[in-house]
Amino acid sequence: MFNNLTKKITNIFENISHQSHLKEKKIKETLRKIKTALLDADVSLKTVNLFLNKIKSKISEAYINKNFSPSQNLIKIVLCELTEIMGRKSYFFNFLSNQLTICTIIGQPGSGKTTSTAKLAHLLSKKYKKKILVVSIDIYRPAAILQLKRLIQKTKANFFQSNRNQKIIKIIKSAIVIAKKKKYDVLLIDTAGQIHTNHSKIKEIEEIQNYIKPHETLFVIDSMTGQDSVNAIKKFSKIFTLSGIILTKLDSDTRGGVALSVRSLTNIPIKYIGIGEKIYDLQIFHPERIAKRILGMGDVLSLIDDIQNKIKTKELNLIKKTTNKGDTFNLNDFLIQIKQIKKIGSIESLIHKLPINIINNNSMLNNIDEKSFIQIEAMIQSMTEQEKKTPSIIKYSRKKRISKGSGITIQEINIYLKKFENMKNIMKKIKNNKNNKIFEKIKNYLIK
């Protein structure tokens, strides 16, 4: 998410980080580079100009903190305006009190609407402990109903069975009756994908909306479609009252500029973002967290959310125990942490939630991939219990035996043992909280 933009922005600020004073010419040059980076990330020109004008207006004595360096002051202003342009605050699902909340989920074909419906059902049931019923009224796309049913089976929500031979209004009426009778908190309605130029289909959805009068209408957009998504939102919002946006595929190679543009251009808040293919890969959109990630500051709060949501309490206790070991951290602990890290998501996704200075300064986090973790597991499982507890005894003869047992080379064993030592040093820093605020936040959560 925003990897290229983050690299460009952090490089821009790195170039001015050691300067004791920023002249007007240097500020103009810096802002010009920021503008280019944002446009390359597919942020709309109108949004970029608005963003830069606000920054320029704040570069005055009134907004300068004498305790900060010039680059720190500029970063502070940029962070504030990035957050502002994405909506500043987070927007949550509007639950009705003591009655059924009905939510329709609409969008264009291929935007990830059905998958997002299931992910939202999972999030609402798990995070808010709500009783969720989900129904599909997509009677046009083959296997759409079956697709949603299979996805819902992975959640704690319930599925209301419909079929393609039924009338849409009849499906909705029946689902609402059951939802009210069985005292569900939320009814999620997955609609058929619509193109704004298909007037008959738009008319159908309009009639459905008028009949249901939903309390939430979420519009799903694919971040890979870039600024075309903004045009679609504008056209749909003229017909429907949209309460929020679900932005999908932010884990892809997309430039992600639509996330920065959509609020300022449509005034409709992004409520959720899809960041992976798993059922739990839907997150509440936090503008400040995203802004910090773009500026290379990391997103530790989202990392902690991932730990809470994807690792069971029993397994979390194991992580807490191993994290608290410090000097006594051994290869058994290393293996436990590797297995749990893999559950959080892709290694790349996890690493990019850390501040960029930690990534750049720690060889444990460089050049690491899923294959490495598989090989590290094989290496540790080929060791004796004594070797796992005391890695310092692993000399050449032992490495030869471990190499034969695991199928990896002695050179790779040396590399992975070095990574273990680096991880052990990280554990010491987390435990002792030395000179890094990132570790303080992780320690506060992991070590209690």
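The values are calculated or read from the model by the stated rules, or taken from the named source; none is laboratory data. Not measured: the values here are computed from a predicted model. For neighbour counting, all protein chains shown are included, and Cβ atoms are generated from backbone atoms with ideal geometry for every residue, glycine included.
For this structure, a couple of remarks:
- Within the stretch 247-269, the set of residues being outside any loop (DSSP other than H, G, I, E, B) and crowded, with 23+ Cβ neighbours inside 10 Å comprises LEU247, THR248, GLY257, VAL258, ALA259, LEU260, SER261, VAL262.
Residue by residue, here is whether (1) of a type in the set (S, T, N, Q); (2) touching a Leu at 6+ places or on another chain (Cβ under 7 Å); (3) within 24 Å of ILE212 (Cβ to Cβ); (4) buried (at least 16 other Cβ atoms within 10 Å of the Cβ) holds:
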residue: ILE75; (1), (2), (3), (4): no, yes, no, yes
residue: PHE92; (1), (2), (3), (4): no, no, yes, no
residue: PRO109; (1), (2), (3), (4): no, no, yes, no
residue: THR117; (1), (2), (3), (4): yes, yes, yes, yes
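- Within the stretch 392-402, considering residues that are part of a helix (DSSP H, G or I) and touching an Asp or Glu at 6+ places or on another chain (Cβ under 8 Å), the one surrounded by the most Cβ atoms within 10 Å (Cβ to Cβ): ILE402
- Test: LYS113 is without any contact (Cβ under 8 Å) to a residue 12 or more places away in the chain and assigned by TED's automatic domain parsing to the domain that holds HIS215: no
- Test: residue in the stretch 153-172 that is in contact with a strand residue (DSSP E or B) (Cβ under 8 Å, 6 or more places away or on another chain), in the same structural domain as ALA121 (by TED's automatic domain parsing) and under 14 Å from PRO214 (Cα atoms): yes
- Every test in (1) in contact (Cβ under 8 Å) with a residue 40 or more places away in the chain; (2) out of contact with any Ser or Thr (no Cβ under 6 Å at 6 or more places or on another chain); (3) within 27 Å of TYR91 (Cα to Cα) is passed by LYS182 save one, and that test is (3).
- Subset of the stretch 1-52 [under 17 Å from ALA259 (Cβ atoms) and among the aliphatic types (A, V, I, L, M)]: MET1, LEU5, ILE9, ILE34, ALA37, LEU38, LEU39, ALA41, VAL43, LEU45, VAL48, LEU50
- All conditions but one from (1) on the phi < 0 side of the Ramachandran plot; (2) modelled with pLDDT of 85 or more apply to LYS249; the one that does not is (1).
- The residue of the stretch 146-163 that is nearest to the chain's Cα centre (by Cα), among those that are exposed (fewer than 15 other Cβ atoms within 10 Å of the Cβ) and either of a type outside the set (A, V, I, L, M, F, W, C) or in a loop (DSSP other than H, G, I, E, B) (or both), is LYS154.
- For LYS170, the requirement of being basic (Lys, Arg), assigned to a helix (DSSP H, G or I) and under 29 Å from LYS238 (Cα atoms) is met.
- So GLN209, is it more than 27 Å from LEU124 (Cα to Cα), outside the structural domain of ALA41 (by TED's automatic domain parsing) and not aliphatic (A, V, I, L, M): no
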